[in-house]
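Down below is the structure, laid out as structure tokens.
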Amino acid sequence: MKSIVKYSGIARQSLLNAIQYPANIISRLLMYSLFISVFFCLWGAIYQGGEVHGYSLVQMIWYLCFTELIVFCCRTTVYTQMNDDVKSGAIAYLLVRPCHYIIFQFFQSLGELCVNLVAFGSYAIVLALTYVGVLEGFSFYNMPYILISFILGITLNFFMLISLGLTAFIWEENTGFYFVYQKLIFMLGMFIPLEFLPVWLQSIARMLPFSYVAWAPARLAVAYSSEFRDQVLPLQFLWVFASVWLAVFCYSRAVLHIQGQGG
Amino acid sequence: MSTIRKYTGLLSCYFKVNLAAALEYRTSFLVQAFGMTISNASFVFFWWVAFVQIGGRIGGYDFRDVLFIWSVSSSAFGLATIIFGNLNRITAIIVTGELDTYLLQPKDVLLSLLAARTSLTAWGDLFYGVILLVLSQGRDPHAWLMYLLGVITGSLLFTAIAVSAHSCTFFFGDTTMFSSLALEFVINFCIYPIGIYPLLVRFIMYSLIPAAFIVHLPLAIARSLNYGLVLLVLAGTLGYCLFAYWFFYKGLKRYESGNLIITRM
């Protein structure tokens with residue numbers, strides 16, 4: 001009970017911080033609008049009518065609105081924050097606090113994630129409706145599954161970033177890992193659906209966690225089918241568990257590398 | 001003439017000092033530059049999928065054209081932030097009062113301010129552009145010539161746009177977000193075929209946000225061999241740079257010192 005109160009306090013504080021800076025949210029909304037507008041122009045030029053790999057233009061724009069929402073809008077500063085903590089030595093203060101470092105980071109980001117999901121989620125819907133109108137075949141009955149898939153995608157991304165941030169304990173310069181991870185997410189589902197990739201790459205991508213961050217939830221939202229749902233949701237759960245385990249494992253190894261020097 | 005020589009000497013001095021500082025942390029420098037190259041390469045993958053899977057031309061450009069605009073944008077932005085590494089920090093320098101330090105220096109304030117820092121990842125951007133050009137254009141002399149033109153004028157234009165946007169801080173207060181948005185707009189307009197945009201946006205790309213001068217005009221020259229357009233690129237670049245310079249100094253008159261004491265080492 002004590003833990004719940006403690007961690008919910010951290011989440012509440014993070015939520016208040018996220019709301020405190022509306023200018024930050026507005027600038028990211030503008031950036032998001034820019035990306036979507038450019039993609040709208042680009043895919044409008046590519047689509048001369050009809051469908052490409054099972055996606056109509058309407059589905060494609062909705063797809064991009066959702067993938068950008070998950071990866072760009074619902075990202076947190078957890079990676080840079082952890083990097084800074086390690087490099088500046090602030091980690092020493094965080095580790096002596098009466099809470100688990102990983103759980104602390106999760107709840108610290110939870111408030112920001114919730115604000116982003118609500119603000120950018122509503123804006124994504126407005127933007128997609130303005131550009132291409134209603135998504136055909138969409139049913140509100142499927143919303144709970146789609147929402148679960150979105151939350152799993154965001155959580156997976158979050159814990160992968162935590163694991164990457166923890167590498168700063170071992171290798172001080174770890175930006176390269178982050179760049180590679182970010183691009184894998186971009187290539188395997190964020191910019192283009194997996195169905196557009198060559199067949200050999202599709203089969204590899206389906207075995208890796210990266211496409212379950214953006215492709216799986218966005219595909220479920222724009223082309224819902226119970227078969228696809230039953231196929232991806234268990235895999236998303238599996239990858240989330242694996243990423244949480246990886247983060248905890250990395251942490252248990254990483255703390256062994258800390259060297260405190262008074263001060 | 002002696003003024004140009006003097007400022008070229010100053011810039012090369014800043015460049016040497018910045019490079020020496022970067023090489024002091026060699027691993028960090030290499031990791032960041034290599035990471036940026038990998039990062040940029042993923043966008044080529046996107047375009048490869050778009051062209052191979054969908055086929056044809058997109059917005060009037062083929063795959064080679066897209067690689068050309070990518071190589072020029074990447075190298076131009078890289079060169080701008082290698083030489084003028086502070087271009088993204090002007091607002092922060094004004095707001096925190098760090099500008100005082102540059103006001104006391106005997107050389108041009110704007111130039112000293114811009115050149116006082118370098119970016120490590122920018123080397124990755126610069127080399128990525130060269131690699132991409134070698135792979136996509138081979139020995140095409142027109143493409144290489146226009147690449148050089150685009151990189152030089154483009155780096156000046158990226159800097160001029162950043163200076164103009166950040167100088168708004170003198171008039172309206174902290175404009176960090178506006179400035180980063182302005183640069184983001186230019187970059188986005190540079191890396192996609194101009195033909196995908198509606199007419200109004202294309203007009204903006206030839207005026208307010210001069211992305212067309214950075215990549216699309218050099219590409220048009222390389223393909224049509226209409227070298228008369230080079231004059232247009234040079235005139236556009238000169239005009240925009242002069243405006244940025246004038247606007248910065250217009251704003252600087254409104255600057256009030258905060259008496260901040262800092263040490264530059």
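Observations
- Length-normalised contact order for chain A - Cα pairs under 8 Å, 6+ apart - percent: 27
- Note on the range A:2-257: Rg/Rh from Cα positions, Kirkwood definition for Rh, rounded to two decimals, is 0.98.
- Approximate spin-label separation A:Cys99-B:Tyr249, in nm, with each point projected 7 Å along Cα-to-Cβ: 5.4
- Taking other Cβ atoms within 10 Å as a rough exposure proxy, B:Met36, A:Met143 sort from fewest to most as A:Met143, B:Met36.
- Nearby lysines by direct alpha-carbon distance to B:Lys16 (threshold 30 angstrom, same-chain neighbours under 8 apart not counted): A:Lys87, B:Lys6, B:Lys107
- Multiplying the residue separation of B:Arg64 and B:Val17 by 0.36 nm and removing their Cα-Cα distance gives an extension gain of 13.2 nm.
- With Rh defined as the Kirkwood radius, the inverse of the mean 1/r over Cα pairs, the Rg/Rh of the range B:2-257 is 0.98.
- A:Cys114-A:Phe237 FRET efficiency (beta carbon distance; Förster radius 22 Å; 0.05 resolution): 0.60
- Mean separation of Cα contacts under 8 Å (6+ apart) over length of the range B:2-257, as relative contact order %: 25
- Ranking of B:Ser28, A:Ser88, B:Ser73 by count of other Cβ atoms within 10 Å, fewest first: A:Ser88, B:Ser28, B:Ser73
- About the centre of its Cα atoms, the protein assembly as shown shows a dipole size close to 760 debye [charges on the beta carbon of Lys, Arg (+1) and Asp, Glu (-1) only; nearest 20 debye].
- Kirkwood Rh in Å, taken over the range B:183-248 so that all alpha-carbon pairs contribute: 12.5
- Dipole of the range B:2-257 [Lys/Arg +1, Asp/Glu -1 at C-beta], most positive-end residue of B:Ala76, B:Leu242, B:Ile90: B:Leu242
- Size of the protein assembly as shown as Cα extents on the principal axes (Å, biggest first): 73, 65, 40
- FRET efficiency for B:Ser257 and B:Leu145, using Cβ-Cβ distance with R0 set to 56 Å, rounded to 0.05: 0.75
- Candidate cross-link partners of B:Lys250 among the aspartates and glutamates, defined by an alpha-carbon separation under 18 Å and a same-chain spacing of 8 or more, comprise B:Asp100, B:Asp108, B:Asp174.
- Residues A:Tyr93, A:Tyr47, sorted so that the one with the fewest Cβ neighbours within 10 Å comes first: A:Tyr93, A:Tyr47
- Counting Cβ atoms of other protein chains within 10 Å of each residue's Cβ and taking the mean over peptide B:174-180 gives 2.
- Extending 7 Å from the Cα toward the beta-carbon at both B:Val109 and A:Val134 defines two label points whose distance is 5.9 nm.
- Mean-position separation - Cα centroids, the range A:184-207 and the range A:12-33, in angstrom: 31
- Part-to-part distance (alpha-carbon centres) for the range A:112-163 and the range B:117-154, which is given in Å: 38
Every read-out reported here was derived from the displayed coordinates using simple, explicitly stated rules and does not represent laboratory data. What you are looking at is a predicted structure, and each value in this text was computed from that prediction instead of being measured. So basically every Cβ, Gly included, is an ideal-geometry build from the backbone, and we count neighbours across all protein chains shown.
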